[in-house]
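Single-structure report; data block below.
The values are calculated or read from the model by the stated rules, or taken from the named source; none is laboratory data. For clarity, every value in this text was computed on a predicted model and none was experimentally measured. So basically every Cβ, Gly included, is an ideal-geometry build from the backbone, and we count neighbours across all protein chains shown.
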Amino acid sequence: MGYTPLDPKNAVVLFADLQAGIIERTATNDLPRLRRAVAALAKLAGLFDIPAIVTAAPAEGGPRVMPEIAAALGVLPEHVRTTTDAFAHAPTRDAIAQAGAECDPEVDDKQPQHDMANGFSHRCGPRP
């Protein structure tokens, strides 16, 4: 597989589960560092005109998504999932496709990722 530079025409930034009640449980980065990273990614998405999608888990009173995303990109629609896998949630998958990226679940028994249950992998972007 050759190198392909990032192209806003076939890329999407997916902000998943970056909401109150979840981000406080981060074990890999402290919360201030996570907030800075999300803010930087949102700013880069805006700077390079890369579409961004926000997906969140249900929460009482509605999810409270990190304000750093809206500060950089404006208020985006929040796709509240009923699944643990964002790509298995039709409205989120449709939003990615509408943003210009192609999403095709395909069977691939060699994918070990735990979030791709039952041997499914997900590829978004142009077909090779």
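Could you list, in sequence order, all residues of the stretch 8-29 that are outside any helix (DSSP H, G or I), more than 15 Å from A70 (Cα to Cα) and polar (S, T, N, Q)? Selection gives T26, T28, N29. Restricting attention to the stretch 28-68, the residues that are in contact (Cβ under 8 Å) with a residue 40 or more places away in the chain and among the basic types (K, R) add up to 1. Of the helices (runs of 4 or more DSSP H) entirely within the stretch 30-127, those holding at least 1 residues that are modelled with pLDDT of 95 or more and in contact with a Ser or Thr (Cβ under 7 Å, 6 or more places away or on another chain) occupy 31-47. The residues listed here are L18, L73; of these, the one that is surrounded by 15 or more Cβ atoms within 10 Å (Cβ to Cβ), out of contact with any Leu (no Cβ under 9 Å at 6 or more places or on another chain), under 19 Å from A95 (Cβ atoms) and in contact (Cβ under 8 Å) with a residue 12 or more places away in the chain is L73.
Out of curiosity, is P5 more than 13 Å from the chain's Cα centre (by Cα), farther than 21 Å from T92 by Cα and part of a loop (DSSP other than H, G, I, E, B)? The answer is yes for P5.
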